[in-house]
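Trainee: A single structure is presented below for examination.
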Amino acid sequence: MQMNYFASKQPDMVIERIANEFVIRIPATGDINEVQDFLNYLCYRELTAKFSAPQSAVDELVAEVKQSWRKHRKRVL
């Protein structure tokens, strides 16, 4: 059995698998914004897990977003 490094450092953090879900319990002493950022990342990973795109399509989208940002940033800021 492999020891979980984080579990040994933070015994008050618990991860459980219940049916088809993970339940994560963490102390309320942390920064709620960091927790939300982490949850947003997990949502992103879940939403994009089944998608794949060639790098050329990604590069094209990045170029389009950058061009649009340069064009409209004065209105946004």
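No value in this document is a laboratory result; all are computed from the given coordinates. In this text the structure is predicted, and so the values were computed from the model without any measurement. Note: ideal-geometry Cβ built from the backbone for every residue, glycine included; neighbour counts use all protein chains shown.
Trainee: Which FRET efficiency value, to the nearest 0.05, is calculated for Arg17 and Ala63 with the Förster distance at 35 angstrom and r the Cβ-Cβ distance?
Mentor: 0.25
Trainee: Right, something else. Just the projected area, averaged over all directions, of the convex hull on the alpha carbon atoms of segment 5-76: how many nm²?
Mentor: 8.5
Trainee: Residue by residue, what Karplus-based ³J(HN,Hα) values in Hz, rounded to whole numbers, does segment 51-67 have, using 6.51, -1.76 and 1.60 with θ = phi - 60° and x for Gly and Pro?
Mentor: 9, 9, 9, x, 4, 4, 5, 5, 4, 5, 5, 4, 4, 5, 5, 4, 5
Trainee: Over segment 5-76, what is the relative contact order in percent, taking alpha-carbon pairs closer than 8 angstrom and at least six residues apart?
Mentor: It rounds to 14 percent for segment 5-76.
Trainee: According to a simple spin-label model (label point 7 Å from Cα along Cα-to-Cβ), what is the distance in nm between Glu34 and Ser56?
Mentor: With each label point 7 Å from Cα toward Cβ, the separation is 4.3 nm.
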